[in-house]
Amino acid sequence: MRTVERLKGLKAWIEKNLCDGRMMKAPPPDGSITDRRQQKPQCYLAWAPSRKDATGFYTDDSISVAPGIIVMPRPAYAEYMEEKRFDRYNNVHRPSLMGSHLSVDILFIVYEPGIQLPGFIDSAGENGEQLDMSLIKEGTEEGLFTLLDWMDDCKEALLRDEEIPNTDLMVDKETVVTSLYSDQNYVVDRRPLFYGFVSVTFNGYADRGRAPSVDSFLQ
C-alpha cells in the first residue's frame, strides 16, 4: 500500500477517535484574552509548525493549528521484520523481507491561556478600563492535564484497536511512546500552547511477489 493511502487512513482514524465529539479551547483571532471560544480540533498531515506559511495553510504561525493534531512521518524500513525473542525460543522462522513499516510522530497542540476567576470580565468596567489581571490564574496545570489526557486517549485507542481500518497497518505495541515536546533534553514551555508527542510504528504488508526478471529467468 502506498504511503499516502496509509497516512490518509491514519488521519481518518485520528479524526474519528481523537477529534470527533470534542470541543476544546481555541485562540481568538484578535488575541483578546476575554474571548473564551471553543472549537473542534483538526488533524493535519504536515510538519511541526515553526514559521508563517505564505500559502495560507498556517495563517499565523503555530497558534493557528491549536487545538490540533499533526501527523509527521518518520524514517522507516521499506522491507524488514525484526525477529522477536519469542520466535527464537519457539522455533518460529519468519521469511526475510516480510514486513513494511510506517513510523509517525503524532504531535498534539493544546491552547490553555489560564483560568479566569469570577469578576474578571467585569473588571474592565463600562469604559473598557484595564482588566484586573489578579483575577486570572496563568501557568496552571490545566493545559498539561488536557494535553496528557488527550495523548492517553490516543495511546489507549492504538492499543485497543491494534489496526487502522481500510489500510494494511498493524500497531507495533512495543513502539508506542509518549513524551512532552523537548529540545536538548529540556521540556519546551511555550504557554499558552502545550505540545506533546505520541510516537508509533505500524507494521504493513511488503510482499510484492517475484520480480518479472526472475520469472523470465526461470522460464
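Suppose we keep only residues that are in a loop (DSSP other than H, G, I, E, B) and surrounded by 12 or more Cβ atoms within 10 Å (Cβ to Cβ) within the range 19-28. Which one would you say is modelled with the highest pLDDT? Even if it seems obvious, please write down each step before you answer.
Of all residues in the range 19-28, those in a loop (DSSP other than H, G, I, E, B) come to 20-23, 26-28.
Cutting the leftovers down to surrounded by 12 or more Cβ atoms within 10 Å (Cβ to Cβ) gives us 22, 26-28.
Working: ARG22: 94, ALA26: 88, PRO27: 84, PRO28: 78.
Only one residue fits best here, namely ARG22.
Residues that are modelled with pLDDT of 90 or more and outside any loop (DSSP other than H, G, I, E, B): does the range 86-101 have at least one?
Within the range 86-101, the first condition is being modelled with pLDDT of 90 or more, and the residues that meet it are none.
So far as the range 86-101 goes, no, none of its residues is modelled with pLDDT of 90 or more and outside any loop (DSSP other than H, G, I, E, B).
When the range 177-198 is examined, which residues are found to be part of a loop (DSSP other than H, G, I, E, B), surrounded by fewer than 16 Cβ atoms within 10 Å (Cβ to Cβ) and either in contact (Cβ under 8 Å) with a residue 12 or more places away in the chain or among the basic types (Lys, Arg) (or both)?
Taking the range 177-198 first, the residues part of a loop (DSSP other than H, G, I, E, B) are 181, 184-185, 188-189, 191-192.
Now restrict to residues that are surrounded by fewer than 16 Cβ atoms within 10 Å (Cβ to Cβ): 184-185, 188-189, 191.
Across the range 177-198, the qualifying residue is only ARG191.
Got a sec? Which of LEU117, LEU158 is surrounded by 12 or more Cβ atoms within 10 Å (Cβ to Cβ) and at pLDDT 90 or above? Break it down stepwise before answering.
Numbers: LEU117 fails: at pLDDT 90 or above.
Exactly one residue qualifies, and that residue is LEU158.
The values are calculated or read from the model by the stated rules, or taken from the named source; none is laboratory data. The shown structure was predicted, so the numbers you read here are calculated from the model rather than taken from an experiment. Cβ coordinates were reconstructed from backbone atoms using ideal geometry, including for glycine residues, and neighbour counts include every protein chain displayed.
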